[in-house]
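Worksheet for the structure shown next.
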Amino acid sequence: MARARASATRSTPKVGTNRPADEPVAIAAVAVAEAPFAPGKGQVDDALLARLLAVALARGGDFADLFFEYRRSSAIAMEDGRVRSVSGGIDMGVGIRVVQGEAVGYAFAESLDAAEMIRAAETASRIAQGGGATKAVRVRARETPSRYLVRHEVVDIAGADKVELLRRADQAARKVSKKIVRVDASIVSVHKEILVVDSHGWVAYDQQPMVRFGASVLARKAARTETGSSGGGGRLGLAYFEKMSPEEHGREAARVALVNLDSRPAPAGSMAVVLAAGDSGILLHEAVGHGLEADFARKRTSNYTDRIGERVASPGVTVIDDPTLPGSRGSINVDDEGVTGEPAVLIEDGILRAYMHDRISARHFRRKSSGSGRRESFRDVPMPRMTNTLMSAGSHDPEEIIRSVKRGVFAKKFSGGQVNISNGDFVFSLTEGYLIEDGKLTAPLRGANLIGNGPEALTTVSMIGNDFALSDGMWTCGKDGQSVPVGVGMPTIKLDRLTVGGTALT
């Protein structure tokens, strides 16, 4: 049996290969009206929607849905003070799904031509058996919340203004120290619209903005070079740069690079590890969150299968997936099946309470969908995915947590990680970490990896800080070849033991 794996990355945006879900695709621009799927004034009317659903269910099937998507995007990358790449485009189409039991037929059309969409509906319908008359669908809109109101989207501002934002980060980083010898910066912006229509007749429409800004630097001292990076964004517009300016990103990237210039090899072995607030939430996302996505439990490949109601973490550990955080990268008004998501308590005080469900897993477990059905684009089937995965704050002061460690590692920033869903084994690489000696942060470390098992690690949590922080929006999660934007967050926590992979002898 093949093992399920998933991964998350945090990086400065790059244009080209291994494109995260919010980066541009090389699609030629086409003439299209603004808000092409807005109910009542879009390019697909109720009669066409009903016809497509009727064709999709003509052979039978339990239900069908249509996922229309329009995406307008742009990206600019600056390398060492010069604009090196500019890209952008428009992508549009519809994915059509027919479900019978747990079998799925799926096809897509890369245009709104009625004949092409009907052919896609016919292709998707072939999964179903049994035929039978199809009832007429009365299309009616579903009310959706507004979790990311944006007045001025970054995708709409002039290219020269975006370049100026990049130059500001570049100049700020170089002013920090003469040891900064190279600065790269990039900005990606997206305007996305979706329209989801199901065979019950429900319609959900949403506009989903996104911006991602990043800076990375190279610092040199004698023959040694080190890197540092900083980035963020979310479902925000120009107001993001009032929250975190390009200058702040440039200076932060320079700070990390200079710290790493003085780093020493990380120790190796089992020891106490303190995870810093904010970015460390990616370990929670990877090591625990994926195992709570209900498709893995349905297929019985998750370490958490059949464990609802059992203790899976230390007392005090509460894990929530929350799509409602205003402006956060993982927030959504509705999921890609048209379901409005609400905060879901997955682990409560150490007890497993729930999985994250899409429609198919919800039917299997006889639960309501949690609004966790997500997909990279109209070319992909939805599956249970995380949005913003968080650990709730505790009562300990962060300094008290560090003082409690005789010798260990303080993990502050991560470049990403991987997890084996079936058993929860994970590995994470640190981009900023420190040695803890006698309750104090001492030497910065390089080459440190955290290695362990997610379910086991949560049982070694002995202290939880009162300093919850949401990581700035740079995380992209990969699963089964699909990438989606996600958010993470947590307070400072202490793990009594975890394996640190390093090169220094202890």
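Quick notes on this one:
- Scanning the range 387-407 for residues that are touching a residue at least 60 places away in the same chain (Cβ under 8 Å) and in a helix (DSSP H, G or I) yields 398, 400, 401, 402.
- Among (1) assigned to a strand (DSSP E or B); (2) free of Cβ contacts under 8 Å to residues at least 60 places away in the same chain; (3) within 26 Å of residue 258 (Cβ to Cβ), the one test that residue 164 misses: (1)
- For the range 405-422, the criterion of being over 23 Å from the mean Cα position of the chain (by Cα) and either polar (S, T, N, Q) or surrounded by fewer than 20 Cβ atoms within 10 Å (Cβ to Cβ) (or both) is met by at least one residue.
Yes/no per residue for (1) among the acidic types (Asp, Glu); (2) modelled with pLDDT under 95:
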site: 282; (1), (2): no, yes
site: 287; (1), (2): no, yes
site: 290; (1), (2): no, yes
site: 299; (1), (2): no, yes
site: 308; (1), (2): no, no
site: 315; (1), (2): no, no
site: 323; (1), (2): no, no
site: 335; (1), (2): yes, no
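- Residue 171 falls short on exactly one of the conditions (1) surrounded by fewer than 18 Cβ atoms within 10 Å (Cβ to Cβ); (2) in a strand (DSSP E or B), and that condition is (2).
- Qualifying position, being in contact (Cβ under 8 Å) with a residue 24 or more places away in the chain, in a loop (DSSP other than H, G, I, E, B) and basic (Lys, Arg), among 255, 300, 307, 251: 307
- Residue check for residue 206: acidic (Asp, Glu), closer than 11 Å to residue 254 by Cα and either at pLDDT 95 or above or surrounded by 21 or more Cβ atoms within 10 Å (Cβ to Cβ) (or both): no
- Close pairs (6 angstrom Cβ cut-off, 6 or more residues apart or separate chains): among the acidic types (Asp, Glu) in the range 204-216, part of a strand (DSSP E or B) anywhere: 206/194
- Selection from the range 340-358 of residues that are without any contact (Cβ under 8 Å) to a residue 60 or more places away in the chain, assigned to a strand (DSSP E or B) and within 23 Å of residue 145 (Cβ to Cβ): 344, 345, 346
- From the list 452, 416, the lone residue that is assigned to a strand (DSSP E or B), at pLDDT below 95, assigned by TED's automatic domain parsing to the domain that holds residue 303 and closer than 23 Å to residue 349 by Cα is 452.
- Checking each residue in the range 359-386 for being outside any loop (DSSP other than H, G, I, E, B), over 16 Å from the mean Cα position of the chain (by Cα) and not small (Gly, Ala, Ser) picks out 359, 360, 363, 364, 365.
- Residue among 379, 367 that alone is in contact with a His (Cβ under 9 Å, 6 or more places away or on another chain), closer than 30 Å to residue 66 by Cβ and surrounded by fewer than 20 Cβ atoms within 10 Å (Cβ to Cβ): 367
- Checked against (1) on the phi < 0 side of the Ramachandran plot; (2) over 26 Å from the mean Cα position of the chain (by Cα), residue 189 passes all but a single condition, namely (2).
The values are calculated or read from the model by the stated rules, or taken from the named source; none is laboratory data. Small disclaimer: the values here were computed from a predicted structure and weren't measured. Virtual Cβ from ideal backbone geometry, glycine too; neighbours counted across all protein chains shown.
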